[in-house]
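Take a look at the structure below.
The values are calculated or read from the model by the stated rules, or taken from the named source; none is laboratory data. None of these values were measured; they are calculated from a predicted model. Here the Cβ positions follow ideal geometry from the backbone for every residue, glycine too, while neighbour counts run over all protein chains shown.
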Amino acid sequence: MKLVLVVCEMYSYNGHMNVISSTKLRNNLADALKKVKGDKYLLVSHRGKINTAIVDIDMLEDILELSDSKYLKSIRESREQYKKGEYYTFEEVFGNI
């Protein structure tokens, strides 16, 4: 499992997020990493302020893709083509494989 530490600035949160204090993280790193694998992220607080996130690598890749304007444009164009019926079926592309 690959994990990446991402630093972010967040000043408030609600009770529905996965939050752990930096002290608990330090003392329970293995358990925290298991939590990240299952829940995709873990927010780390220090002195009551969330300032870091540990993010599963798959989630990080998704975030990076969604921040790419060319990628988002290609998704919009693909959806428009689909609505117009401009697509190929699985059978048209792959035949009887």
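General observations
- Residue within the range 32-55 that is surrounded by fewer than 14 Cβ atoms within 10 Å (Cβ to Cβ) and of a type in the set (A, V, I, L, M) present: no
- Selection within the range 48-76 - of a type in the set (A, V, I, L, M), within 18 Å of Arg26 (Cα to Cα) and either more than 8 Å from the chain's Cα centre (by Cα) or modelled with pLDDT under 90 (or both): Ile50, Ala53, Ile54
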